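Please read the structure below before turning to the comments.
The values are calculated or read from the model by the stated rules, or taken from the named source; none is laboratory data. Because the structure is a prediction, the values reported are computed rather than measured. So basically every Cβ, Gly included, is an ideal-geometry build from the backbone, and we count neighbours across all protein chains shown. For accessibility, only protein heavy atoms count, side chains too; no ligands or nucleic acids. Shrake-Rupley method; radii C 1.70, N 1.55, O 1.52, S 1.80 Å.
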Amino acid sequence: YVLIFGKLGLPALGVRGVALGRTICTIAEWFVLIFILYRQKSPVAVHPGRYFQFNFGFLRAHIVQIILVLANEFFWALGGNVNNAIIARLGTSSYAAYNIATTIISIGFFMTMGSASVAAIMIGHAIGAGRMEEAYQTGKRILFINLAGSFGIGLLLVAMRSWVVTLYQVEDST
């Protein structure tokens, strides 16, 4: 805000202010994270030189998984960009409508993404402890909570759809 609109005696930088502000925040976040990791003596807080050591044995053991993950991420990003390019060619109002819809959809996804993270942790702990039945039951409970929560969020979004669209300054045709 300060860098975009030139508040507190700083010059108004507009879009450049957004970029500069984001860069400053990312660097500050990195320093805070590193401080916390080393202050709490986290297992990942090793000697900085260790981060730059290369282990060919590790690479040989995991190269297939590494390539598959990289390919997955590459094609996911490529698909997203192609999708955006296709929508953008339909026109400004189509792209605006797409962006509004994507924003609203992402609100609905937080329940699913949160449930997936919780499931990975809780089920992973149960499996690691050899408690397979507990893992299965935990998975069922998380699935139910996810479905019920997602349904509730969906109903809420449908009920609020007219109000949500008014938050955007778009033409009625959009």
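Worth a mention:
- The range 46-120: chymotrypsin sites (Phe, Trp or Tyr not before Pro) falling in loop per DSSP and having at most 14 other Cβ within 10 Å: Phe54
- Rounded to the nearest 10 Å², the accessible area of Glu29 at probe 1.4 Å: 120 Å²
- Per-pair calculated FRET efficiency, R0 = 35 Å: Glu133 and Glu29 via Cβ, rounded to 0.05: 0.30
- Restricting the trypsin sites (Lys or Arg not before Pro) of the range 15-115 to loop positions (DSSP other than H, G, I, E, B) with no more than 11 neighbouring Cβ atoms within 10 Å leaves Lys41.
- Normalised per residue, the volume of the convex hull around the Cα set of the range 83-164 (Å³): 92 Å³
- Shape box of the range 13-76 [Cα atoms, principal axes, largest first, Å]: 48, 37, 17
- Mean projected area (nm²) of the alpha-carbon convex hull when the range 43-102 is viewed from all directions: 7.2 nm²
- Here the accessible area of the chain is 71 percent carbon and sulfur, with a 1.4 angstrom probe and all protein chains present.
- Convex hull (Cα only) mean projected area of the chain, reported in nm² to one decimal: 17.1 nm²
- To the nearest 10, the accessible area of Thr26 is 60 Å² with a 1.4 Å probe.
- Accessible area of the chain divided out per residue, in Å², using a probe of 1.4 angstrom: 81 Å²
- The helix-based estimate of mean residue ellipticity at 222 nm for the chain, built from -39,500 (n - 2.57) per DSSP H run of four or more residues and divided by its residue count, is -27000 deg cm²/dmol to the nearest 500.
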